[in-house]
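Remarks on the structure that follows.
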Amino acid sequence: MGAGRSASGRRGRPYRSGTGPAALPRLPAQQQRVGWLLRVNRLYGPSERWLRSADFAQAFQGGSWPKRTSIYQISRWETAVVRVSYPTICRYEELLDLPSHRLVALIDTIYRYAASTGDASPMLTRGPERPADPHRLSELVDMASSSTALLTGVEWDELTRRLAAAPQVVISPQRAWTDIAERLLSETIVADGIAWMQRYEALSRLLAHPVGQQAAVAACASLAADRTNQVFVETVSVLDASRHPDANRHVLHQLVHPTNDRAQFGALLASVRKLRFGHFTDAEMPLLMAIINELASDSTRRDDVQPLAVELLRRLPDTASTASRNRLRRLATDPTLRHVLRAGRLTEREASRQLVDRIINTVVALMPGDAPPFHDDVLPTLVDELLFSPVFDVRMYAAITVSGTPYRQRLAAALSAELAGSAVLASPVAPAMIEALRLLGGGEQRAVIERLVTASGVPASITVAAAQAIGHVGGRSDDQFWGRAIAYHAGLWRRTRQSTNAAALNGLTYGLGMTRNLTMLQRLRADDQMPEPVRAAAAWWLNLPETVYASANH
């Protein structure tokens, strides 16, 4: 393991799901994934220096970590026997030359989704705040409620952490809570990558704060009800972080009387965790069950709604859903829905296992070195989740976890290679692969997504998924691409009025907004031959305050 690494790729036995040494005692999944993040970043990072845990332990004292450390302590952290602390993670970032707070933001995100809601404090405990500056909270509040001051992701983390430490804090004027919540939400929906994770975590804390939660819930509800808004799924789904009755009420309202189909999908996503953590009252459950039954049986909804509704139906209490599940089994002719209803998966397990094994073998072969330093049982689980879970959030958080490791580029390459095959493009897993590339892909994968945006003969779900992904994939598209793609779908829409082309144009407009391409947005807004929703979307992006964009990128 201490030998030099070969640049030609890693060679070893083919990976098979379920092979390898006997499993360790079962640990909480999120704790296991945090230890795994530390381990793979050390073993597969750019420096060979840390392949030996003894060398890493010897160098660990210093920086954020004042104490001597043994190889046994390193092992306990990386195998998740011991839960890691904030200083531990900061020291890993320092030794591995990772950007400050990169692992911290990832681990905050992993813990937050897995944890029960209702706690405004970070799940990754920072320790007591230093009392040296008693005015720091007031300073941060003033910055956050200002329309001109810029806040970094680290400052949002600090502000919401300090607020959590003061659950009964009084902020004056009272309007400041609303200003903070609205600005934080605005920055969250236009941020990307680590900046998004930091703000989404901060918003989740605010939604759980005893005093601030009502302003945060109201900000989400107000934006979700605004038909000119362009980011609905995230705005509604984040309400799963709040136990407040108003959060339940707004989620149910968007299920029954949605602003649009994206807001309804966001409400379905919120219901996953709300059901899991018992947010809905006995009085609310009948309405929830009725709308889930309706959506699970309605094949006219957008492609991702019905599988998610079926999964929610599967998760409902047995006493409430047995009859509905039996009825759906009789009516369901779509194999995807049958797999979801039976096992909570988009495809049959054996077929999906073969695809996961093939992808993992490709990834392992692309890793530098001669043989895997350890048998990795976590990566296949994450790949399985990001491809086959019927819950978008589960797929997204699995991809986010992998994105924080050296596996990222290799997995992106393996997924884009799979998308080159016509059989994969015609399968239900292809949109999930494209979704994953939003978080994993770099410049090379952007070229693949660009091609799929205007590819002929592919399923509509591929076209729409690619158009929705282009604003997040790494790299940057030039105006020639944007012009060609917009002209292609606008021309088809004018001739056929197909919803696929309208959805693709909306996705492309979103991509222009996320990449802050003001020139192309201005052209869309001024083009009276475009669908009116596209022109309205372009105007919405152009009207966002510059301070929001500037802050959201830091």
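Side notes on the structure shown:
- Normalised per residue, the volume of the convex hull around the Cα set of the stretch 502-554 (Å³): 65
- Shape index of the chain: Rg/Rh, with Rg the Cα radius of gyration and Rh the Kirkwood radius from the inverse mean 1/r over Cα pairs, equals 0.95.
- Solvent-accessible heavy-atom area per residue, rounded to whole Å², over the stretch 79-223 at 1.4 Å: 39
- Heavy-atom accessible area order for W493, W50, largest first, 1.4 Å probe: W493, W50
- Taking all protein chains together and a 1.4 Å probe, the residues H101, H489 rank H101, H489 from largest to smallest accessible area.
- For V305, the accessible area of its heavy atoms, probed at 1.4 Å with every protein chain present, is near 0 square angstrom.
- Alpha-carbon centroid distance for the pair the stretch 191-209 / the stretch 378-450, whole angstrom: 23
- Carbon and sulfur %, accessible surface of the chain computed with the full protein complex present, 1.4 Å: 52
- The heavy atoms of Y72 offer some 150 square angstrom of accessible surface to a 1.4 angstrom probe.
- Compared with the direct C-alpha span, the chain from Q174 to A539 gains 128.3 nm at full extension, assuming 0.36 nm per residue.
- Solvent accessible area, Å² - F392, 1.4 Å probe, full protein context: 40
- Among H279, H244, H253, the order of accessible area from largest down is H253, H244, H279, computed with a 1.4 Å probe on protein heavy atoms.
- With the simple model of a label 7 Å out from the Cα in the direction of the Cβ, A165 to Y72 spans 3.4 nm.
- Around T148: net Lys/Arg minus Asp/Glu count, Cβ-Cβ under 13 Å: -2
- FRET efficiency, 1/(1 + (r/R0)^6) with R0 51 Å, evaluated for D528 and T125 via beta carbons: 0.35
- The string of couplings for the stretch 468-483 from the Karplus curve (6.51, -1.76, 1.60, θ = phi - 60°) is 6, 8, 4, x, 10, 4, x, x, 8, 8, 7, 5, 5, 4, 4, x Hz, one whole number per residue in order, with x for Gly and Pro.
- Along each principal axis, Cα extent of the stretch 23-77, largest first, Å: 31, 25, 18
- Helix-only [θ]222 nm of the chain, DSSP H runs n ≥ 4, -39500 (n - 2.57) each, per residue, nearest 500: -19500 deg cm²/dmol
- Projected label distance in nm at Q498 and H375, using a 7 Å step from Cα toward the beta-carbon: 4.9
- Here the spin labels are modelled as points 7 Å beyond Cα on the Cα-Cβ line, and at V81 and D192 they lie 4.2 nm apart.
The values are calculated or read from the model by the stated rules, or taken from the named source; none is laboratory data. Only a predicted model underlies this, so the values are computations on that prediction, with no experimental measurement involved. Cβ: placed from backbone, ideal geometry, glycine included. Neighbour counts: every protein chain shown. All accessible areas refer to the heavy atoms of the entire protein, side chains included, with ligands and DNA or RNA removed. Shrake-Rupley method; radii C 1.70, N 1.55, O 1.52, S 1.80 Å.
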